[in-house]
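Working notes, structure below.
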Amino acid sequence: MVEIFDLLFNPLPNGVMTVLTGVSLLYWVFVLFSGDGLDFGLDGDLDADAIGDISDADGDADAGDAQPGFFSKALDFINIGKAPIMVIITLFKFIGWIITITTSLFISVGRFGYWSLLILIPIFIVTYFLMHWITKPIAKFYENVGYHGEEPLDFLGRTGVMKSSVDGSKIGSAEFKINKDVIRLNVKSVDGEAIAYNDEIIVVDEDKNQKIYWVKKEINIRNF
């Protein structure tokens, strides 16, 4: 028993992954006893389309060039959106934990002290690519039970803050706070008028095909 405990927390990478995996275990124990069941695990799902579609900060992209962002593609690669994010995160930690423990049996990284944590970088990379295949049957299962991801957020009428300047046909980015989450979206001035960095804006329309939101400067008591 002492040997197993020592293996779980030594060397340092093992300890880090054991703690991270333990946190996920506690999460699911809480879900079980809270009575929320599977639905509780779905609440943390991400709208991958909304997160990853950010243009460059200068807003110089043309509307026709808007493509899903790197982050959006990375999430889709491991089937986030096709299965609840908490299920994916828990599985990622568990697989990474197993690989870390196994690696420590063959490679003596403990002598490197804190530097031994660097081994987690290649382990996370390997885990990420393994997750593409491991999550496929999970995504298929959730598809069969009728899960199709969270309903897309409706941004029409929401207010946010510009994180780049736009004018004419230029595309920029804006931040929106929704339930304590900060989401960045591609935005474009609805009438072509200049909107400066840090201006408050309101969403008035959207282009669902290009995932661009048309905005205008919000007039309120703070900027009237």
Point to revise | Proxy reagent accessibility, fewest Cβ within 10 Å first, across 165, 72, 108 | key: 108, 165, 72
Practice item. Please report 3, 206, 193 as a ranked list, fewest other C-beta atoms within 10 angstrom at the top and most at the bottom. Key: 3, 193, 206
Check your understanding: Roughly speaking, what is the stretch gain from residue 156 to residue 169, that is 0.36 nm per residue apart minus the C-alpha to C-alpha distance, in nm to one decimal?
Key -> 2.7 nm
Practice item. Tell me the label-point distance for the pair residue 145, residue 193, using the 7 Å Cα-to-Cβ offset, in nm and rounded to one decimal. Key: 5.0
Point to revise | For 30, 94, 176, 124, order by how many other beta-carbon atoms lie within 10 Å, fewest first | key: 30, 124, 94, 176
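Each value in this text was obtained by applying a stated rule to the coordinates, not by laboratory testing. Everything quoted here is computed from the prediction, not taken from an experiment. With ideal geometry, Cβ positions are generated from the backbone for all residues, glycine too; neighbour counts draw on all protein chains shown.
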